Amino acid sequence: MPKPGKNYLLNTEEKQEWMRDYFFAPRGLGFLEPGIVGPDDARVAAFNVAKSFYQTRPDVFNLALVAEKTGLSADEIKARLQRMYDERLYMLVKNSSVGVYGFGLWYWVVKMKDGCPPEEKQKLTDWIQNNNEICTGYACDGGDFDFYCGNHMRVLDNLLEAIIDPIKQNPYVEYVHLCPVRRDLRESSVNQADTPFRFREFRFSDEAKKKLFEYTDKIDEKDLEVLEVLNNTEFSADLFNYDVLQELSGLDGAKMREDFSHVMDESRFLINMLYLNFMKLGLNNHCYLIRMFQNTPSYRKSQIIDELAANPDFNNVFEFTDSYHDAIFMAYEELTDSQKLRETMEAYPEIEEILEANSPRQFRRWTARLDDDTDNWEMCVFTDDLLQNRMARKNACSLCADKEENESC
């Protein structure tokens, strides 16, 4: 975290020193560093085997550790995990550290025009949900903007051609603002690779937990404690039972653990976590999209974002670069004091604008679909624009219903 009392001037020994306070230095997008491996690499076998079986075999997880921490029996832990999965309360997922993985994480905000017919907004909603290249995102039902979604892509022009331009052609869209992610600090209450705090720490305040158990009967204290233990293992590799993974796959369990530890704990270019499905809990994400004054130095922007992110009530925190906006924070509306959180932000003189919106719906969890009502739960298509040039063809308006409409766009 940038340190108080330092100015980091270019003509001093403090020049860009603040960047070294993070595991990966904040910088531009699309950086590809040596040492990363693809999601199907043998060194990611532990995750891939667990991802293939955990839906019916919750014993792929480290139940002994959970039992030690919670006092529950292994059978009860398995039963709780099975019930929570069957009710779509959680999903085993992984994230990539986009600062080193070779593609940018390009989020974007869409504002529909006043008076937009509900059926036209629904058309765009369906297009976003069914577009495999839009790897994550949220729909909002009231506030200053209507969608907050993102793509992982290597080439900005491919994003503009395939996604942004078709949306801009929609006559009911007021604007689309790009929000390229410079740092992914926290997702679904779990600290990510760009956090200044403990890596893979599950952040959920005691007050929020109390309100959660009062608000819903879908999950109880012990259920959340089980998920908390698994998301808070000292090392990522501690998440799984490698004897079970070996039994299921025929691969060497010790080797899977060694490789997984290298990928997740030592290199940190991938992170595993258990996603808590806020939609099934009846929760809404209250979004705060902030812009700071343009004369605020980058180190100070990061410093402010880190200070705000220290509050565990924020379950999602992203810092942007080269954007009209500087960051987005999300907090569960039913479990937190939305006005108090806004006032905390307004106390910073550097913050010029705060846009707010309420999101009851998330489309995907890093490519994994969340729309179980259409039997697409956990369906995952990982897209990549490697070696592609989307500008080589005329961009068809993907939102138009037929050929005649398309030709008129």
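Computed values, structure above
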| item | result |
| --- | --- |
| Filtered residues of segment 230-263 (kept if in contact (Cβ under 8 Å) with a residue 40 or more places away in the chain and of a type in the set (A, V, I, L, M)) | 230, 237, 239, 244, 245, 248, 251, 256, 263 |
| Counted residues, segment 267-306 - those being charged (D, E, K, R) and surrounded by fewer than 20 Cβ atoms within 10 Å (Cβ to Cβ) | 4 |
| Residue, nearest to residue 296 (Cα to Cα), within segment 321-337, restricted to residues that are small (Gly, Ala, Ser) and within 18 Å of the chain's Cα centre (by Cα) | 327 |
| Members of segment 115-133 that are closer than 23 Å to residue 154 by Cβ and either assigned to a helix (DSSP H, G or I) or of a type in the set (Phe, Trp, Tyr) (or both) | 127, 128, 130 |
| Candidate set from segment 134-156 (those that are open to solvent by 10 Å² or more (accessible area, probe 1.4 Å) and not in a strand (DSSP E or B)); member that is farthest from residue 367 (Cα to Cα) | 144 |
| Sole residue being farther than 30 Å from residue 103 by Cα, of a type in the set (Asp, Glu), open to solvent by 20 Å² or more (accessible area, probe 1.4 Å) and without any contact (Cβ under 8 Å) to a residue 12 or more places away in the chain, chosen from 86, 59, 40 | 86 |
| Looking only at segment 351-374, and only at residues there that are open to solvent by 40 Å² or more (accessible area, probe 1.4 Å) and in contact (Cβ under 8 Å) with a residue 24 or more places away in the chain, the one that is farthest from residue 132 (Cα to Cα) | 352 |
| Close pairs (7 angstrom Cβ cut-off, 6 or more residues apart or separate chains): closer than 19 Å to residue 266 by Cβ and open to solvent by 50 Å² or more (accessible area, probe 1.4 Å) in segment 18-33, at pLDDT 75 or above and small (Gly, Ala, Ser) anywhere | 23/193; 32/102 |
| For residue 198: the one exception among (1) open to solvent by less than 10 Å² (accessible area, probe 1.4 Å); (2) more than 30 Å from residue 118 (Cβ to Cβ); (3) not in a helix (DSSP H, G or I) | (1) |
| Pairs, first assigned to a helix (DSSP H, G or I) in segment 302-318, second acidic (Asp, Glu) and open to solvent by 10 Å² or more (accessible area, probe 1.4 Å), C-beta under 8 Å, six or more apart | 304/350; 305/326 |
| Test: residue in segment 234-252 that is under 22 Å from residue 361 (Cα atoms), open to solvent by less than 30 Å² (accessible area, probe 1.4 Å) and not in a loop (DSSP other than H, G, I, E, B) | no |
| Residue satisfying condition, being under 18 Å from residue 372 (Cβ atoms) and crowded, with 17+ Cβ neighbours inside 10 Å, within set 54, 101, 107 | 54 |
| Residue within segment 326-337 that is buried (at least 20 other Cβ atoms within 10 Å of the Cβ), assigned to a loop (DSSP other than H, G, I, E, B), out of contact with any strand residue (DSSP E or B) (no Cβ under 7 Å at 6 or more places or on another chain) and aliphatic (A, V, I, L, M) present | yes |
| Check on residue 193, among the aliphatic types (A, V, I, L, M), more than 24 Å from residue 337 (Cα to Cα) and not in a strand (DSSP E or B) | yes |
| The lone exception for residue 66 - which of (1) open to solvent by less than 30 Å² (accessible area, probe 1.4 Å); (2) within 20 Å of residue 364 (Cβ to Cβ); (3) touching a helix residue (DSSP H, G or I) at 6+ places or on another chain (Cβ under 6 Å); (4) not small (Gly, Ala, Ser) it fails | (2) |
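The values are calculated or read from the model by the stated rules, or taken from the named source; none is laboratory data. Since we're looking at a predicted model, the values are computed, not measured. Methodologically, a virtual Cβ is constructed for each residue, glycine included, from the backbone with ideal geometry; neighbour enumeration extends over all protein chains shown. Accessible surface is based on the protein model in full, side chains and every heavy atom, while ligands, DNA and RNA are left aside. Shrake-Rupley method; radii C 1.70, N 1.55, O 1.52, S 1.80 Å.
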